[in-house]
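**Q** My questions all concern the structure below.
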Amino acid sequence: MSETVKLIECPRDALQSCRQQIPTAEKAALLLKLLEAGFRHLDCASFVSSQAVPQMADSEAVLERIAPTLRELEAQGDAPELIGIVLNRRGAERARRTPIQILGFPYSMSPRFQWQNARQTPEQALAITVELQKIAADTGRKLMVYLSMAFGNPFGDADSTELMLKELERLQTAGVREIALADTAGRADIELITERFISAREHFPELELGLHLHSRPEQAGEKIRRAYAAGCRRFDCALGGLGGCPFAGDRLVGNLATEAAIEALQEAGVDLSLRAQALSQARASVERIRARYCQKDEENQGFMNTKKPA
């Protein structure tokens, strides 16, 4: 694996957790602040049913607003990688009309969660993965997969390291080369995260493997430190830990906070090349959005619908 660390900032995952509609202009302004801060890998859009994820229904409009900045960065040789979630060919067709370079597909080890999240059986999900991989290749894009429930699930479905490895083999055979192992339920301890990531890395060294973790705030830094020590060089995170997990049973369990990731990685000597002042402004924007549109949802633990892509 490359020693270069990819910090994937996930405003899509964060903002879709808010039930109150956030104006398009505010979403675009946040993305611009993240780009100004130096983030070059953004999970920022979702091309799924507006009924399933109403917060992301304006993804095309948001991306259109930031298009001039994207063109400027590209001209400077500093173009960011933008990820957009798709569940099928229709979503991929929407994404291809935007600046999105990476199609993100949520694929679960849990049959029940795959059905709740995307209304797909495991067989259908694998077939769609193959189809999306071809679409991505034909349009000069890449496909990345979020392997959800990679660290256990609350449904009682079969779960083991061996099962995770079998799913990774299926995805690799389908042509996928970028995979984020997701602690969807936010319940995995550090030892399990470390053990499964190391096992995945040893069996599939040619894959770009990352982690999409949910965590209580006080545990986030240690999870990052241990994962980095285990060889992880790709981390999904969200400023302020905004967003969360519908299965954790703990309103303090949210997306892994970018602030914790930055601190832990800097302690390890990683240069993330972020701009402190612009980062502070982006954090302030997230907190304003949280206060205006998300606070009640977080307090009620109703900040994520199980039908939404994780």
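**Q** If you average the C-alpha positions of segment 180-225 and of segment 78-97 separately, how far apart do those two centres end up, in angstrom?
**A** Each part's Cα centre sits 25 Å from the other's.
**Q** Please identify every one of the GluC sites (Glu not before Pro) in segment 2-78 that sits in a loop by DSSP and has no more than 12 other beta carbons within 10 Å of its own beta carbon. Write out the running numbers ahead of the final one.
**A** Values: sites: 3, 9, 26, 36, 60, 64, 72, 74; in loops: 3.
The qualifying sites are 3.
**Q** Identify, among 194, 217, 175, the residue whose Cα sits farthest towards the positive end of the charge dipole of segment 171-239, taking +1 on the Cβ of Lys and Arg and -1 on the Cβ of Asp and Glu, with the dipole about the Cα centre.
**A** Of the candidates, 217 comes out farthest on the positive side.
**Q** For segment 20-107, what is the per residue volume of the convex hull drawn over the alpha-carbon atoms, in cubic angstrom?
**A** 95
**Q** Just want the answer: with Cβ charges of +1 for Lys and Arg and -1 for Asp and Glu, which residue in 235, 37, 68 is farthest toward the dipole's positive end in the chain?
**A** Final value for the positive-end residue is 68.
**Q** Given N residues in segment 6-299, what is Rg(Cα) / (2.2 N^0.38 Å)?
**A** Details: Rg = 17.7 Å, N = 294, 2.2 N^0.38 = 19.1 Å.
Here the answer is 0.93, to two decimals.
**Q** Can you compute 3J(HN,Hα) from phi for each residue in segment 8-24, using the Karplus curve 6.51 cos²θ - 1.76 cosθ + 1.60 with θ = phi - 60°, rounded to whole Hz and x for Gly and Pro?
**A** Working through the residues one at a time gives 8, 7, 10, x, 4, 5, 6, 6, 5, 6, 8, 6, 6, 5, 8, x, 3 Hz.
**Q** Sticking with this one: Taking a ≥ b ≥ c as the square roots of the eigenvalues of the Cα gyration tensor of segment 191-291, is the shape rounded (a/c under 1.5), prolate (a/b larger than b/c) or oblate? Don't skip to the end; give the middle numbers.
**A** Details: a/c = 2.24, a/b = 1.36, b/c = 1.65.
Here segment 191-291 falls in the oblate category.
**Q** State the number of lysine pairs found in the chain whose Cα atoms come within less than 23 Å, restricting to pairs 8 or more positions apart or on distinct chains.
**A** 13
**Q** Let me check I have the definition right: for segment 86-227, take the eigenvalues of the Cα gyration tensor, multiply each by 5, take square roots. What are those semi-axes in whole Å, largest first?
**A** 25, 16, 15
**Q** Neighbouring Cβ atoms within 10 Å as the yardstick, rank 134, 33, 27 fewest first.
**A** The order, fewest Cβ neighbours first, is 134, 33, 27.
**Q** Another one. Between residue 169 and residue 5, take the C-beta separation as r, use R0 = 25 Å, and let me know the FRET efficiency to the nearest 0.05. Could you put the intermediate results ahead of the total?
**A** Values: r = 26 Å, r/R0 = 1.05.
FRET efficiency, residue 169 to residue 5: 0.45.
**Q** So if we plug the beta-carbon distance of residue 263 and residue 203 into 1/(1 + (r/R0)^6) with R0 = 41 Å, what FRET efficiency do we get, rounded to 0.05?
**A** Calculated value: 0.85.
**Q** Further, regarding this structure: Taking θ as phi - 60°, what are the ³J(HN,Hα) couplings along segment 210-224 by the Karplus curve (6.51, -1.76, 1.60), each to the nearest whole Hz, with x for Gly and Pro?
**A** My calculation for segment 210-224 gives x, 10, 10, 9, 10, 7, 5, x, 6, 9, 5, x, 5, 4, 5 Hz in order.
**Q** What list of ³J(HN,Hα) couplings, whole Hz, do you get for segment 82-90 from phi and the Karplus terms 6.51, -1.76, 1.60, once you set θ to phi - 60° and write x for glycine and proline?
**A** Each residue's phi maps through the Karplus curve to give 10, 10, x, 7, 9, 10, 6, 4, 4 Hz.
**Q** Expressed in nm to one decimal, what extension gain is obtained for the pair residue 226 and residue 288 from 0.36 nm per residue of sequence separation less their Cα-Cα distance?
**A** 19.2 nm
**Q** Right, next: Using a basic spin-label model with each label point 7 Å from the Cα along Cα→Cβ, how many nm lie between residue 218 and residue 19?
**A** Those two pseudo-labels are separated by 2.9 nm.
**Q** Next up: Hey, can you grab everything whose amide H is under 5 Å from the amide H of residue 184? Only 5+ residues off in sequence or another chain; H modelled, so Pro and N-termini drop out.
**A** Correct list: 149, 150, 151.
**Q** Taking the Cα centre of segment 6-299 as origin, sum charge times position over the Cβ atoms of Lys and Arg (+1) and Asp and Glu (-1), and report the length of that vector in debye to the nearest 20.
**A** The dipole of segment 6-299 has a size of about 720 debye.
**Q** Could you put 271, 183 in order, starting from the residue whose Cβ has the fewest other Cβ atoms within 10 Å? Working shown, then result.
**A** On the way: 271 8, 183 26.
Sorted ascending by nearby Cβ count, the order is 271, 183.
**Q** Using 7 Å Cα-to-Cβ label points, what is the residue 72/residue 276 separation (nm, one decimal)?
**A** 2.4
Read-outs: derived from the displayed coordinates by stated rules, not from any lab. Note that this is a predicted model, so its numbers are computed, not measured. Here the Cβ is made from the backbone with ideal geometry for all residues, glycine too, and neighbour counts use every protein chain on show.
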